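My questions all concern the structure below.
The values are calculated or read from the model by the stated rules, or taken from the named source; none is laboratory data. Values in this document were obtained by computation on a predicted structure and should not be read as measured data. Note: ideal-geometry Cβ built from the backbone for every residue, glycine included; neighbour counts use all protein chains shown. Note: areas computed on protein heavy atoms with side chains; ligands, DNA, RNA excluded. Shrake-Rupley method; radii C 1.70, N 1.55, O 1.52, S 1.80 Å.
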Amino acid sequence: SRIATMPRTHAIALRILALLSLALPTVCIPSKPLYYDDQIVDHLANEEDPDKWTHRYYTYPKHFGGPGHPIFVIMGGEGAIEPEFGIYYPFIADHLAKQFGAYVLQPEHRFYGSSQPLGDATPTSEQRVRLVNTEQAMMDYVRLLRHIQVDELGCSTDRTSPQYCSVITVGGSYPGYLSAMMRVVHADIVDMAYAASAPMKFYDQTVGVDDYYDHITDVAEKSSPGCADKVRTTLSAVAVEIQKAGDDGFPSVATKMGICKHTIPSYMNACRTFRDELMMIVGYTFANYNMGAYPPGPQTALSKACQIFKDDDAMP
């Protein structure tokens, strides 16, 4: 076939790009972004005059009944929240919020999208340890939430007041963990938390770091026997090509794979980093497809993803 005569790297790329094209249906409410200019870079420094940054967030006030009504906080997680997606959960925004007269707030997680505490600067190793963590992110959410409660909505923070606006956090996966921890760590602020598929045992280190992806591998294999081996073979071939190119040459491999050089983040300055990020993209893409793989069958995105890798005509 024509595909089979292509250079090896290009053929491998076809599989990965086809995998990413199997987008799951996403139901969101596009929204206009808002910006909070008084967010603190390092909440743990206890500085008198701390450095500030601009925090992007979204709101859905359509059903808000005024002070005395609740606030749903949809927790931002490990990804940018662009305006075309806006509010993630219409069930929260247009069902529960309508039922309870609630306000909906959705902040973006620090160091994702437009929410960059250090601006265009790349954090040092020390800054990553201190600033890129869940504790700082939760304190961002608390500070923004208090601003919205008091300054924007006129709610009381006294839980005995009829003007008090109770706070319910919501999230799934990593944001689910954040939601639960907001209730645990900031119980003086958060009244209730809903956490779906929250990796609690991962963060308390009672399960292995690879356990979840081992499970995804098992599910993919059951969905399409032979899938796991084909994916491993393809990714091993990709890793070899990237490693052979080295730190100076891996951008050319990326170009052959259809990845524009200008889209490669500055921190990917070594072939190993680029390789690891690419492997992770494939891994979490399969994980996303797993969430929509019910009822099982050949029409699921997970099964189709397996077929992409099992198509021998796509490899020379």
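Would you call Tyr194 at pLDDT below 90 and either in contact with a helix residue (DSSP H, G or I) (Cβ under 9 Å, 6 or more places away or on another chain) or closer than 20 Å to Ala293 by Cβ (or both)?
Values: at pLDDT below 90: no; either in contact with a helix residue (DSSP H, G or I) (Cβ under 9 Å, 6 or more places away or on another chain) or closer than 20 Å to Ala293 by Cβ (or both): yes.
Here the answer is no, as Tyr194 does not meet what is asked.
Okay, moving on. Report yes if some residue within segment 237-253 is of a type outside the set (Ser, Thr, Tyr), at negative phi, loosely packed, with under 14 Cβ neighbours inside 10 Å and not in a helix (DSSP H, G or I); otherwise report no.
No, segment 237-253 contains no residue that is of a type outside the set (Ser, Thr, Tyr), at negative phi, loosely packed, with under 14 Cβ neighbours inside 10 Å and not in a helix (DSSP H, G or I).
Inspect segment 29-37 for any residue being among the hydrophobic types (A, V, I, L, M, F, W, C), under 23 Å from the mean Cα position of the chain (by Cα) and surrounded by 13 or more Cβ atoms within 10 Å (Cβ to Cβ) and give the result as yes or no. Walk me through how you get there before you give the answer.
Initial filter on segment 29-37 (among the hydrophobic types (A, V, I, L, M, F, W, C)): 29, 34.
Cutting the leftovers down to under 23 Å from the mean Cα position of the chain (by Cα) gives us 29, 34.
From what's left, surrounded by 13 or more Cβ atoms within 10 Å (Cβ to Cβ): 29, 34.
Within segment 29-37 (the criterion being among the hydrophobic types (A, V, I, L, M, F, W, C), under 23 Å from the mean Cα position of the chain (by Cα) and surrounded by 13 or more Cβ atoms within 10 Å (Cβ to Cβ)), the answer is yes, since at least one residue qualifies.
Checking Met181 against (1) part of a helix (DSSP H, G or I); (2) open to solvent by 30 Å² or more (accessible area, probe 1.4 Å); (3) more than 30 Å from Asn290 (Cβ to Cβ); (4) of a type in the set (A, V, I, L, M), only one condition comes out false. Which one?
(3)
Can you go through Arg232, Arg159 and tell me which one is in a loop (DSSP other than H, G, I, E, B), of a type in the set (D, E, K, R) and either open to solvent by 60 Å² or more (accessible area, probe 1.4 Å) or at pLDDT 95 or above (or both)?
Arg159
Report, ordered by the first and then the second residue, all pairs with beta carbons closer than 8 Å, sequence separation of six or more or different chains, a first member in segment 91-106 that is open to solvent by less than 10 Å² (accessible area, probe 1.4 Å), and a second member that is assigned to a helix (DSSP H, G or I).
Pairs found: Ala102/Leu96; Val104/Ile92; Val104/Ala93; Val104/Ala97; Leu105/Leu144; Leu105/Leu145; Leu105/Ile148.
Taking interchain pairs and intrachain pairs at least six residues apart, which have beta carbon atoms under 6 angstrom, with the first residue in segment 205-229 and farther than 15 Å from Phe309 by Cα and at pLDDT 90 or above and the second open to solvent by less than 80 Å² (accessible area, probe 1.4 Å) and of a type in the set (Asp, Glu)?
none
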